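Only one structure is covered here, and it is reproduced in the block below.
The values are calculated or read from the model by the stated rules, or taken from the named source; none is laboratory data. Keep in mind it's a predicted model, so treat the numbers as computed, not measured. Cβ coordinates were reconstructed from backbone atoms using ideal geometry, including for glycine residues, and neighbour counts include every protein chain displayed. Keep in mind that these areas ignore ligands, DNA and RNA; they rest on the heavy atoms of the full protein, side chains included. Shrake-Rupley method; radii C 1.70, N 1.55, O 1.52, S 1.80 Å.
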Amino acid sequence: MSKWIEGKLRDLVEVNPTVKLIKGEIYPFVSMDVIQPFYKPVEAKEEREFKSGGAKFENGDTLFARITPCLENGKIAQVKNLKNGKGFGSTEFIVLRGKEGITDTDFVYYLVTNKSFRENAERLMVGTSGRQRVDKQQFEDQIISIPDLETQKRISSILGGIDKKIELNVEMNKTLEEMAMTLYKHWFVDFGPFQDGEFAESELGVIPKGWKAKKLGDLYDTSSGGTPSRRKTEYYQDGTINWLKTKELNDNFIFETEEKITELGLENSSAKVFPKNTVIIAMYGATVGKLGILSEPSSTNQACCAVIEKNQSFSYVLAYLYLLFNRTKIVGLANGGAQQNINQQIIRDLPIIVPTEKALNIIQPKLLELFELIRTNEQENRYLINLRDYLLPRLLSGEIDVSQAEKQVEEVL
């Protein structure tokens with residue numbers, strides 16, 4: 001039977017522990033933007049000269065975003081692979097570490113990731129609207145309850161096993177995406193397989209003989225969505241239809257959306273349902289050029305352009321890779337004032353090279369196979385995330401027996 005300890009956070013967990021860095025030396029730097037919400041590991045993407053400011057940490061420490069909206073968005077991560085084991089980062093991190101003989105460092109990550117802990121931290125925010133931060137003194141003084149150290153380690157092992165599998169799937173998908181893009185570039189940009197054949201002039205330059213220069217709109221249909229009136233709760237409440245916004249686009253498959261709309265909302269707005277495998281590209285503002293692939297029939301708002309397969313000849317994967325490879329050029333076509341936008345006509349008019357049917361029948365199945373593996377891994381991660389999020393609060397509250405959870409996770413992994 002686990003023994004539970006109750007006390008102030010600062011008495012049970014190291015908060016902003018001392019890390020000695022030398023002024024003027026170069027160290028790994030972790031900025032807020034490299035932390036993915038609810039994704040455990042984070043690595044430094046850059047190095048900077050340490051002058052004096054910023055949160056200081058070591059490998060294994062938990063970085064807890066204390067400013068809005070990063071806290072509400074779940075920007076909490078455990079830092080790893082720091083060169084020489086030390087680094088620094090945003091001043092908006094609270095650094096947390098296990099206290100020797102009291103708390104397990106991995107357990108600390110899960111403790112502060114738990115929804116109830118995050119919600120309490122949100123209540124401790126002070127400051128003006130839009131720049132609110134967690135009050136450090138109140139944060140350290142909050143009362144927490146934790147199991148004994150052995151039970152903490154078992155809980156960390158259970159949840160850590162799930163997170164490790166999620167991480168492996170993410171890494172595998174990065175490799176698969178790189179393989180797909182390399183293959184695409186080899187065929188459609190470098191014309192690698194055709195170097196010994198004949199080439200012909202086209203409006204897009206020299207291309208393999210038999211290939212054609214067309215517009216994206218010749219191969220795919222395009223459309224956009226709409227936003228049901230926010231004043232009509234009946235358009236959203238108990239909705240079952242996926243309704244996608246551009247902030248959810250992250251060059252990924254879309255299985256489920258943050259918000260859903262009702263049939264009434266769909267009927268009384270410009271929103272429409274697009275089929276599975278529709279490629280979505282953001283047209284407005286800061287997200288312009290971001291991509292997604294619908295894995296379920298879904299509607300979208302008006303900032304999304306849907307690129308829809310006309311037939312089986314040109315699949316979603318070719319449209320996606322084309323838009324991804326040419327993203328910089330496409331974003332460069334944006335126009336407007338403070339907010340740079342593209343529109344459907346720009347997307348329809350994008351020039352694209354069309355291979356012969358024989359070439360298409362060789363390359364397209366290879367690319368589809370890679371993307372279906374990516375979809376499968378993302379689907380598995382959705383299941384694992386749901387399992388972890390189900391177990392996390394129940395293990396931390398003692399509602400679920402640790403041995404039972406160990407058995408359940410062992411069967412899954």
Q: Take residue 196 and decide whether it is over 30 Å from residue 274 (Cα atoms), among the acidic types (Asp, Glu) and modelled with pLDDT of 95 or more.
A: no
Q: Scan segment 304-341 for residues that are assigned to a strand (DSSP E or B) and farther than 24 Å from residue 255 by Cα and jot them down.
A: 335, 341
Q: Among the residues of segment 107-138, count how many are in a helix (DSSP H, G or I) and open to solvent by 60 Å² or more (accessible area, probe 1.4 Å).
A: 8
Q. List pairs: first in segment 357-380 and more than 11 Å from residue 177 (Cα to Cα), second at pLDDT 95 or above and open to solvent by 70 Å² or more (accessible area, probe 1.4 Å), Cβ under 8 Å, 6+ apart or cross-chain?
A. 377/172
Q: Would you check which residues across segment 100-112 are more than 17 Å from residue 79 (Cα to Cα) and not β-branched (Val, Ile, Thr) and list them?
A: 100, 101
Q. In this structure, is residue 184 hydroxyl-bearing (Ser, Thr, Tyr), part of a helix (DSSP H, G or I), open to solvent by less than 70 Å² (accessible area, probe 1.4 Å) and touching a strand residue (DSSP E or B) at 6+ places or on another chain (Cβ under 8 Å)?
A. no
(Q) Yes or no: segment 187-199 includes at least one residue that is open to solvent by 40 Å² or more (accessible area, probe 1.4 Å) and small (Gly, Ala, Ser). (A) yes
Q.
open to solvent by 40 Å² or more (accessible area, probe 1.4 Å), among the basic types (Lys, Arg) and touching a Leu at 6+ places or on another chain (Cβ under 8 Å): which single residue out of 272, 260 fits that description?
A. 272
Q: Working only within segment 275-303, note down all residues that are closer than 17 Å to residue 226 by Cβ, out of contact with any Lys or Arg (no Cβ under 9 Å at 6 or more places or on another chain), open to solvent by 30 Å² or more (accessible area, probe 1.4 Å) and not in a strand (DSSP E or B).
A: 302
Q: Test residue 59 against the criterion of being of a type outside the set (Phe, Trp, Tyr) and more than 19 Å from the chain's Cα centre (by Cα), and give yes or no.
A: yes
Q: Look through segment 15-61, keep the residues that are surrounded by fewer than 17 Cβ atoms within 10 Å (Cβ to Cβ), part of a loop (DSSP other than H, G, I, E, B) and touching a Ser or Thr at 6+ places or on another chain (Cβ under 7 Å), and return whichever of them is modelled with the lowest pLDDT.
A: 53
Q: Give 320, 390 a once-over and let me know the one that is among the hydroxyl-bearing types (Ser, Thr, Tyr) and surrounded by 15 or more Cβ atoms within 10 Å (Cβ to Cβ).
A: 320
